[in-house]
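One structure below.
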Amino acid sequence: MSETAKGDLYLLCRIGATSVAFPAAAIEAVVKATSIVAIPGAPAAVRGLAAIRSRLLTVIDCAFIVDRPHGADGFMAIITVSGHGYGLLLEDVIDVVELEAVQPLPCSPQPAWQKLQPMLADYAGEPVLVIDSDRFIDIPQRNLSQAA
Amino acid sequence: MDDLLREFVGETLDMMDAVAGDLVAWEADPADRSGLDGIFRTVHTVKGSSGFFDLPRITAIAHAAEELLDVLRSRKGAPTRASVAMVLVAFDKIRELTHAISTAGAEPPGDDSRLIVALLADIRTDDRKAAQAGGALPDFLDAKPTAGDADDGHDGPHLPADDVPQAWRSVRVPLELLDELMSGVSDLVLARNEVAAQLRSRGQDVTEFAAFERMSQLLGAVRSTVSNMRMVPLRHLYAPLPRLVRQVADELGKQVTLSLEGSEVEIDRELVEALRDPMLHMLRNAIDHGLESASARAASGKSLVGKVTVAARQVGNRILISISDDGGGLPIEAIVARAMKAGHVKSEDIAGMDEARKAELVFLPGLSTAQAITGISGRGVGMDVVRANIERLGGVIRIASKAGEGVTLTLDVPMTLTIISALAVDAGNQSFAIPRSVIDEVMLVSSDAVQRHDMHAAGLVRIRDRVLPHVRLETILGLPDAKADGADRALIICRQGGGAAFALEVPDVRDHEELVIKPLPPILLAIGLYSGLSLPDNGQPMLVLDMEGIARRHIGSATVRAAVTPKAVEQSQDDGRASWLTYRDHNGQPWRAVPMAHVERICDIALNHIHASGGRMVAKVDEQLLAVAAECLPETSASTRRMIRLSDGYRTVMLPASQIGDTVELKAELAADDIGSGLIGMALLDGALVELVDSYGVLASHGETVTGPHTQQQHDEHEPAGGAQPLWIVDPAGGEWAASFLVPTLTAAGYQVALVSDRQKVTSDGAPVISLTSHGPAELLTLEAAGTVHRMPAYDRSTLMRIIEEAPEAAPNRSKRKGRGASA
């Protein structure tokens, strides 16, 4: 992401109290999160299944992954990883914005965020963590043995 | 005309149009050779397919056109106009013939030699001369002056495409387009449901809208059409196999019969294509390496004609395709040697491997064990490639080999993105789907047929005459129980691989549905409870339960145990546990067990020592004729049969057992009185059901029918039973059964019966003693007679009587039996 050209579009949203930006190109849609069906036996980071326009999405609780309490189920960002649809559960979606100068973090983030390998950008004077949305899918999978 | 030929017609017509266009494009711009390979491939395909359908005219023309194209391709620069025209004429001829096939169902008779000579004229001088002499070339070109525009080929002598009956035409559609169509139709169904819900919420009765009903029906019809578009019966995969087998068998000089089973099983079209090559390869292997030569078969007493079977069945949302031969089995030693030579395994690895693991080594790269490279197989494409191809499809390949009996390869491939018929069940606040294919029966727990036997940790349930392991869906899913016990819950009797079954208890059964199964993302697959996702009409996502996985985890699979690892287990009678030997009488049957106390040894009996006489089976063992406890024996290609020699001291019987398991300690969990003939109960072994064989019953019903000279002699010395004999019954519970049933029966039979409550009170040595446990007839009773202790179900009165009657006379003659001192 360090190669990111100036002025790429990002989806600015909130996980816990942190402002996070996903590269907008990977986000297919943002929808209101409704009627999520639980999956017995699934790792805690997997909230359940949702159906959006006859597409089945595995809903990943982003707040849980960064050790934040479950917030209100606000929105889902829909992404596709290896042909499977996922919904990233976000408390709030702010806007699609242009971000400039996405750069590595100057210091190590909190451990909860570390595994997402965030980058840093500045939006209207506020720091924003820039995260590759796919990472939210990899992590619960890698931690599955512990979680399940 | 069958589907395949129809497909060929459609494809060929399409392709001929397309390649004609490509060819003209290449002629126009010789530098751009991008279309050339496509033209070449197409002509080659037409040649191959027409060969397959036995259409010699098309094959010959395509072959000649291919040769000409090959020359044109290898020449640098532009093709000559005449050559291109010739190829186009050939394409037209193929079109024309294909049209004729589509109407007549067969290639019309005719002579294409002039066309072929003209095609080859450009490359072969001889042919050119012949062509010029015969004037073939100008002839053809004159006949079709517009040949250069042959893709506009509806004029001239050809049938217009519109004349082709509709049913015979087909269109090739990318699968993605079908998927899109399918998901679009699913969306429509959801939208329809939404409209219905809104109408209802406004107090309108949906059923009153005829138009709405009509729309629903149409939508249903469209959806089923779309679903069918992806699915094809395995017939399509099977179609080329007989021909291939014939051809390969001819080349190798072997006689082979191929039998194909399960051609009606439906599978995703995509999978048919992906499976074709692995299947062909495995069949070639089976004929080439699997089946022995006719002389070798004759030597081992097999039919000269080898047998190869391809069978398919659907298990849940997977398809199992097995390819079996009745050859000599894998050369395990050679495979091990190769694997070691190739550096895949070390000798210490081998030591710990059983035969099955060793057989799996054939899937390692570079392990062709063919003695000679036979043109058919052994061309460097090994089973490793086959396995890689199957695994790429999300499938598994397994191999089972039996020396002298053949090899079975099983492909286990998913049928993802296919429609399955499923039963929706409720648990918690949601629904789960169970594939209909694994369900035997659905019943209410309150049904009369159901009897609960919650024993120990593993539940058992009896349904009519079957005792099945029993689990609750909530337990499996880790959900709180939805309803109190005894409420109107349902039992779903599920089949498990290998014939075993179990009962899944669910809070509620909802509905049958046709579900479109979508693959699970890896994170959900790893849970191990689910096999797919689905979105039914109500728009609520539904998980499909992986019944095989659940059975494996919660029930255990009876098919897992196979290795023979005998352990010395002391027989202990105090807690009702005893040493049993597990075995199977046929492959695929549930495990059974016989008491170790009755097992003398395990023998392999040569087939020519087994005879059927007078409706009974007899085996010659150690110069003695012994009865075989079976009505008939399954077909086998082996030269011997494995049998367990059972004896209780004075009766001996041979019990056929194709597979010997293990010596285990078992306790009859359920002494069922109606489990079926020949069993005294069921036990659980590693969570799997084992049928406990009533070995005494087997000995009693078969052991005497044919007797060897040794046994015969004993019978000759028998004294007839007579007089009132003393007999003790020990019944600690003082139950009614002993007093009101057993005592009168035995008294009537001429015994002097004493009923006591404690074994200590038995005062006469040697008289038969029947001991009941405190559970009365519900548990096995113990019969001590003639120094032998029999445990038997109380219901088996005839056996009981027989032992009691015969024991006193038999005992004195049985000098070799231990414990005979107790007899009178």
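The values are calculated or read from the model by the stated rules, or taken from the named source; none is laboratory data. Values in this document were obtained by computation on a predicted structure and should not be read as measured data. For neighbour counting, all protein chains shown are included, and Cβ atoms are generated from backbone atoms with ideal geometry for every residue, glycine included.
Within the range A:10-30, restricting attention to residues that are of a type in the set (Gly, Ala, Ser) and part of a strand (DSSP E or B), which residue is farthest from the other protein chains (Cβ to nearest Cβ)? First the steps, then the outcome.
Quick first cut of the range A:10-30, residues of a type in the set (Gly, Ala, Ser) only: A:16-17, A:19, A:21, A:24-26, A:29.
Still in the running and part of a strand (DSSP E or B): A:19, A:21, A:29.
Details: A:Ser19: 26, A:Ala21: 24, A:Ala29: 14 Å.
For the range A:10-30, the residue satisfying everything is A:Ser19.
Please list, ordered by residue number, the helices (runs of 4 or more DSSP H) wholly in the range B:168-271 having 3 or more residues that are farther than 30 Å from B:Ala106 by Cα.
Details: elements: B:175-201, B:210-230, B:235-238, B:241-252.
Result: B:175-201, B:210-230.
Would you tally the residues in the range B:525-537 being touching a residue at least 12 places away in the same chain (Cβ under 8 Å), more than 23 Å from the chain's Cα centre (by Cα) and facing another protein chain (nearest Cβ under 7 Å)? Before you say what the answer is, go through the steps one by one.
Start the filter on the range B:525-537 by keeping residues that are touching a residue at least 12 places away in the same chain (Cβ under 8 Å), which leaves B:528-537.
Among the residues that remain, those that are also more than 23 Å from the chain's Cα centre (by Cα) are: B:533-537.
With the extra rule that they be facing another protein chain (nearest Cβ under 7 Å), the set shrinks to B:533, B:535.
Here the count works out to 2.
Can you tell me which residues in the range A:38-57 are in contact with an Asp or Glu (Cβ under 8 Å, 6 or more places away or on another chain) and part of a strand (DSSP E or B)? Break it down stepwise before answering.
Keep residues of the range A:38-57 that are in contact with an Asp or Glu (Cβ under 8 Å, 6 or more places away or on another chain), which gives A:44-47, A:53-54.
A:Val46, A:Arg47 - these are the residues of the range A:38-57 that are in contact with an Asp or Glu (Cβ under 8 Å, 6 or more places away or on another chain) and part of a strand (DSSP E or B).
If you go through the range A:65-101, how many residues are in contact with a strand residue (DSSP E or B) (Cβ under 8 Å, 6 or more places away or on another chain), among the hydrophobic types (A, V, I, L, M, F, W, C) and not in a strand (DSSP E or B)?
Total meeting the criteria: 2.
Being at pLDDT 75 or above, touching a strand residue (DSSP E or B) at 6+ places or on another chain (Cβ under 7 Å) and not in a strand (DSSP E or B) is the requirement here; does B:Pro590 meet it? Full working, then the answer.
Numbers: at pLDDT 75 or above: yes; touching a strand residue (DSSP E or B) at 6+ places or on another chain (Cβ under 7 Å): yes; not in a strand (DSSP E or B): yes.
The answer is yes for B:Pro590.
Is it the case that B:Ser324 is surrounded by fewer than 20 Cβ atoms within 10 Å (Cβ to Cβ), at pLDDT 80 or above and of a type in the set (Ser, Thr, Tyr)? Even if it seems obvious, please write down each step before you answer.
On the way: surrounded by fewer than 20 Cβ atoms within 10 Å (Cβ to Cβ): no; at pLDDT 80 or above: yes; of a type in the set (Ser, Thr, Tyr): yes.
In short, no.
Is it the case that the range A:31-44 has a residue that's among the hydroxyl-bearing types (Ser, Thr, Tyr) and either closer than 30 Å to B:Ser183 by Cβ or within 14 Å of chain B (Cβ to nearest Cβ) (or both)?
Initially, the range A:31-44 is screened for residues among the hydroxyl-bearing types (Ser, Thr, Tyr), giving A:34-35.
Pick out the ones that are also either closer than 30 Å to B:Ser183 by Cβ or within 14 Å of chain B (Cβ to nearest Cβ) (or both) and you get A:34-35.
For the range A:31-44, residues among the hydroxyl-bearing types (Ser, Thr, Tyr) and either closer than 30 Å to B:Ser183 by Cβ or within 14 Å of chain B (Cβ to nearest Cβ) (or both): present.
Limited to the range B:289-312, what total is found for residues that are out of contact with any Leu (no Cβ under 6 Å at 6 or more places or on another chain) and surrounded by 21 or more Cβ atoms within 10 Å (Cβ to Cβ)?
Count: 5.
Do we find that A:Cys107 is away from chain B (no Cβ under 14 Å), surrounded by fewer than 22 Cβ atoms within 10 Å (Cβ to Cβ) and farther than 27 Å from B:Leu515 by Cβ in this structure? Walk me through it before giving the result.
Details: away from chain B (no Cβ under 14 Å): yes; surrounded by fewer than 22 Cβ atoms within 10 Å (Cβ to Cβ): yes; farther than 27 Å from B:Leu515 by Cβ: yes.
Yes, satisfied.
For B:Leu361, which of the numbered conditions (1) under 26 Å from B:Tyr238 (Cβ atoms); (2) crowded, with 21+ Cβ neighbours inside 10 Å fails to hold?
(1)
Within the range A:66-90, take every residue that is within 14 Å of chain B (Cβ to nearest Cβ) and in contact with a helix residue (DSSP H, G or I) (Cβ under 6 Å, 6 or more places away or on another chain) and give me the one that is surrounded by the most Cβ atoms within 10 Å (Cβ to Cβ). Step through it out loud before you land on a result.
Taking the range A:66-90 first, the residues within 14 Å of chain B (Cβ to nearest Cβ) are A:76, A:78-88.
Then keep just the ones that are in contact with a helix residue (DSSP H, G or I) (Cβ under 6 Å, 6 or more places away or on another chain); that gives A:79, A:81, A:86, A:88.
Details: A:Ile79: 21, A:Val81: 19, A:Tyr86: 23, A:Leu88: 27.
In this case the residue turns out to be A:Leu88.
Output the residues belonging to the range B:27-63 that are farther than 29 Å from B:Asp3 by Cβ, under 51 Å from the mean Cα position of the chain (by Cα) and surrounded by 15 or more Cβ atoms within 10 Å (Cβ to Cβ).
B:Gly35, B:Leu36, listed by residue number.
Failed condition for A:Met119, given (1) over 23 Å from B:Gln430 (Cβ atoms); (2) at the interface with chain B (Cβ under 10 Å from one of its Cβ atoms); (3) not small (Gly, Ala, Ser), with all others met?
Single failed check for A:Met119: (2).
Name the residues in the range B:317-365 that are under 23 Å from the mean Cα position of the chain (by Cα) and among the hydrophobic types (A, V, I, L, M, F, W, C), would you?
First, pick out the residues of the range B:317-365 that are under 23 Å from the mean Cα position of the chain (by Cα): B:317-330, B:354-363.
Within the range B:317-365, B:Ile319, B:Leu320, B:Ile321, B:Ile323, B:Leu330, B:Ala356, B:Ala359, B:Leu361, B:Val362, B:Phe363 meet the criteria.
Could you figure out which of (1) within 12 Å of chain B (Cβ to nearest Cβ); (2) modelled with pLDDT of 85 or more; (3) surrounded by fewer than 19 Cβ atoms within 10 Å (Cβ to Cβ) isn't true of A:Arg53?
(2)
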